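What follows is one structure encoded as structure tokens, with my remarks underneath.
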Amino acid sequence: MTTILHIASSANLKSSVTRQIGAEVLKVLKTKNPAIKVIERDLVKTAIPHLSPEAIDVFYQPGSPALAFSDELIDEVIAADILLIETPMHNFSVSSRLKAWIDHIVRMGRTIDRGAERLEGLLKNKRAILILGRGGMYSEGPAKVMDYQETYLRVIMNFIGITEIEVIYIENVLKGGAVLEAALAAAKSKAQLVEA
Ligand SMILES: Cc1cc2nc3c(=O)[nH]c(=O)nc-3n(C[C@H](O)[C@H](O)[C@H](O)COP(=O)(O)O)c2cc1C
């Protein structure tokens, strides 16, 4: 059975483009494979606390009770075959809610470990699907160099061992009107191509 960890991080609960496209991808995955299991982790409906002083004190000591919440989030990642991650671009990077989640799930001995020469990602045979919303255009053109959203998420995924990464962009969202409609339509058609 394929398990999907669905991570939503847009605080726009009324008209979020990343939530709309994430829902479309989930619909496609469920249609292609009705046996799919979905773990929902909505970082807005249930806020993720920043790492506490207590958690930082024992961050490299697995099994400590202060890391119980971090362990719970990591268990969800380990259980998943596909990570479906939605994030708006906020100040050229990911939403701070998603960053807080990342700080909990990148941990020595659980998702990364010391290899012979460098740190190695422990998560193998997983895929990530990134749903990236942007007010402007960053996948090409002059603002590409300011994209710390896709570049950062790719680094984090690779760091924990996930190298199979698909990206669906929704760009120029702040132009609104027909431009927004076209961006949503393009993202929806790309969503149809996702393999279950
Ligand atoms: C706090 C904040 C910061 C933002 N920063 C950027 C930015 O740096 N670059 C950009 O193109 N759009 C920026 N935007 C626009 C969002 O990335 C865009 O509206 C996005 O598609 C929102 O996704 P959502 O509808 O799923 O929340 C920002 C929006 C907010 C609220």
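Taking the listed residues Pro62, Pro34, the one that is away from the ligand (no atom under 16 Å from the Cβ) and farther than 27 Å from Ala187 by Cβ is Pro62, with no other qualifying.
Candidates in region 71-118 are the residues that are assigned to a loop (DSSP other than H, G, I, E, B) and surrounded by fewer than 14 Cβ atoms within 10 Å (Cβ to Cβ); of these, the one that is nearest to the chain's Cα centre (by Cα) is Asn91. Between Val44, Val38, the distinction of being without any contact (Cβ under 8 Å) to a residue 60 or more places away in the chain and assigned to a loop (DSSP other than H, G, I, E, B) belongs to Val44 only. Yes or no: region 120-130 includes at least one residue that is within 13 Å of the chain's Cα centre (by Cα), under 25 Å from Ser16 (Cα atoms) and within 16 Å of the ligand (Cβ to nearest atom). Among the residues of region 120-130, at least one is within 13 Å of the chain's Cα centre (by Cα), under 25 Å from Ser16 (Cα atoms) and within 16 Å of the ligand (Cβ to nearest atom), which makes the answer yes.
Entry remark, region 1-19: residues being surrounded by fewer than 19 Cβ atoms within 10 Å (Cβ to Cβ) and either within 13 Å of the ligand (Cβ to nearest atom) or assigned to a helix (DSSP H, G or I) (or both) number 5 in total.
If you go through region 174-196 and pick out every residue that is charged (D, E, K, R) and assigned to a loop (DSSP other than H, G, I, E, B), you end up with 1.
Would region 134-141 turn up any residue that is more than 10 Å from the chain's Cα centre (by Cα) and not in a loop (DSSP other than H, G, I, E, B)? Looking for residues that are more than 10 Å from the chain's Cα centre (by Cα) and not in a loop (DSSP other than H, G, I, E, B), one finds none in region 134-141, hence no.
Conditions (1) among the β-branched types (Val, Ile, Thr); (2) buried (at least 16 other Cβ atoms within 10 Å of the Cβ); (3) touching a residue at least 40 places away in the same chain (Cβ under 8 Å), marked per residue:
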residue: Arg134; (1), (2), (3): no, yes, yes
residue: Ile160; (1), (2), (3): yes, yes, yes
residue: Glu181; (1), (2), (3): no, no, no
residue: Ala185; (1), (2), (3): no, no, no
residue: Lys188; (1), (2), (3): no, yes, yes
residue: Glu195; (1), (2), (3): no, no, yes
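Could you grab me the full set of residues in region 31-65 that are under 17 Å from the mean Cα position of the chain (by Cα), surrounded by 12 or more Cβ atoms within 10 Å (Cβ to Cβ) and over 26 Å from Gly109 (Cβ atoms)? Once the filter is applied, which keeps residues that are under 17 Å from the mean Cα position of the chain (by Cα), surrounded by 12 or more Cβ atoms within 10 Å (Cβ to Cβ) and over 26 Å from Gly109 (Cβ atoms), region 31-65 yields Val38, Glu40, Asp42, Val44. Can you confirm whether Ala68 is part of a helix (DSSP H, G or I), exposed (fewer than 14 other Cβ atoms within 10 Å of the Cβ) and of a type in the set (Gly, Ala, Ser)? Yes: the conditions hold for Ala68. Residues of region 85-115 being within 9 Å of the ligand (Cβ to nearest atom) and β-branched (Val, Ile, Thr), which ones? Answer for region 85-115, where residues must be within 9 Å of the ligand (Cβ to nearest atom) and β-branched (Val, Ile, Thr): just Thr87.
Read the figures in this text as sums done on the coordinates, not as results from a lab. In this text the structure is predicted, and so the values were computed from the model without any measurement. Cβ sites come from the backbone with ideal geometry, for glycine too, and all protein chains shown count toward neighbours.
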